[in-house]
1. With the alpha-carbon atoms as the only input, what is the per residue convex hull volume for region 145-209 in Å³?
2. So what is the calculated 222 nm ellipticity per residue for the chain, using -39500 (n - 2.57) for each DSSP H run with n of 4 or more, over all residues, to the nearest 500 deg cm²/dmol?
3. Give me Glu160, Glu295 ranked fewest to most by other Cβ atoms within 10 Å of their Cβ, as a rough exposure proxy.
4. Restricting to Cα pairs below 8 Å that are 6+ residues apart, what does the relative contact order work out to for the chain? Please round to a whole percent.
5. Among Ile277, Pro240, Tyr322, whose Cα projects farthest towards the positive end of the dipole of region 226-327, with charges put on the beta-carbon of Lys, Arg (+1) and Asp, Glu (-1)?
6. On full extension of the chain, what length is gained from Arg164 through Glu62, given 0.36 nm per residue of separation minus the C-alpha to C-alpha distance?
7. Cut-off 10 angstrom, C-alpha nodes, Gaussian network model of the chain. Which of Gly105, Gly21, Gly29 fluctuates the most?
8. Taking the C-alpha atoms of the chain, how large are the radius of gyration and the largest Cα-Cα span, Dmax, in Å?
Amino acid sequence: MEPFSYLTRVDHTAFLFPGQGSQSVGMAGELVEHYPTARAALEEADAVLGFALSRLMLDGPETDLTDTLNAQPALMAASMAAMRALEAERGDAAPGGGAGVFVAGHSMGEYTALVAAGSISYADGLRLVRERGRLMKLAGDRAPGMMAAVLGLEEAQVAEVCARVSSDGHIVQVANDNCPGQLVISGDAAGMAVAIAALTAAGARKVTPLAVSIAAHSPLMQPAAAALRSAIAQTTILPPRVPVVGNTTASLLTTVDAIRDELTSQLTDSVRWTASIRHLANAGVTTFVEIGAGEVLTGLVKRIARDANRVTVKDVKGVRAYVATLR
């Protein structure tokens, strides 16, 4: 499983891959119209999964696309379409070097990052995120929870409130440290109600419940993590050919065992995105390229590494604009 050639031919760059929440009907549509390789990426997803995921991506309905069972493989397919479009534009004309190139993905996007790095095949990645979505949905049905965005407080403050609420027998924890002043908490409904009130009283600028019925990145996902571990164990995983920064450790995943542990613990542990981006910036990354649907991650980078260059590659304009900077 080789990484895409341009991932090894650029300098001081991190390629970022979005997770659930970035999906939208029509994503990758322009790419598949202009690049046969991008269309092939969606057709391969259809064949691997055994249903017309591409039709759902391009035409909806939105309610079906946003179902966690479908959203996760759809986001991987959209990122793959964009990567193959870049490959079609670049070919072998990319500049040499490759010093200081990394990949990272937010939550489910970490799987796409591993595909890009040559650690997991695209087909296996699709199967894993489809199963991940199924198991998360099942866990949410059996133990409903909720998530909420918290604005205006530091991570330590929010973690302290969550720990205090959890000490009373509830399940609440920081799910995502997305950027300074923007966090997400996750847990059971009763504990979340207490935590939301406490965070508001502590001076949060805003605490907004999210439109989800699962408590991702919390102990309520433990049944899903246990079942997913079996699927991960049966999947061929190779050492990454491009350095990957993991969500839960905000450090490099250098071994197959570390990758397997990360992909399992990721369901129940926090996504340390702020620390991950700082790790990349400290390693010399000066350009962050978001590949796939939306532009959420480059927006977060703006809050974390303010002086870095930020690029989004989600359509033909983005592909050509990025390639133009490399020639």
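1. Numbers: hull volume 3.9 nm³, N = 65.
Dividing the Cα hull volume of region 145-209 by its residues yields 59 Å³.
2. On the way: 14 runs with 159 residues, N = 327.
Value at 222 nm, helices only: -15000 deg cm²/dmol.
3. Working: Glu160 14, Glu295 17.
Starting with the residue having the fewest Cβ neighbours, the order is Glu160, Glu295.
4. Values: 728 pairs, mean separation 79.3, N = 327.
Contact order relative to length: 24 percent.
5. The one lying farthest along the dipole's positive direction is Tyr322.
6. Numbers: separation 102, 0.36 × 102 = 36.72 nm, distance 3.80 nm.
Contour length minus Cα-Cα distance gives 32.9 nm.
7. Gly21
8. Cα-based Rg and Dmax for the chain come out at 18.9, 60 Å.
Only the coordinates and a few stated rules stand behind these numbers; no lab work does. Keep in mind it's a predicted model, so treat the numbers as computed, not measured. Note that we place each Cβ from the backbone using ideal geometry, even for glycine, and neighbour counts take in every protein chain shown.
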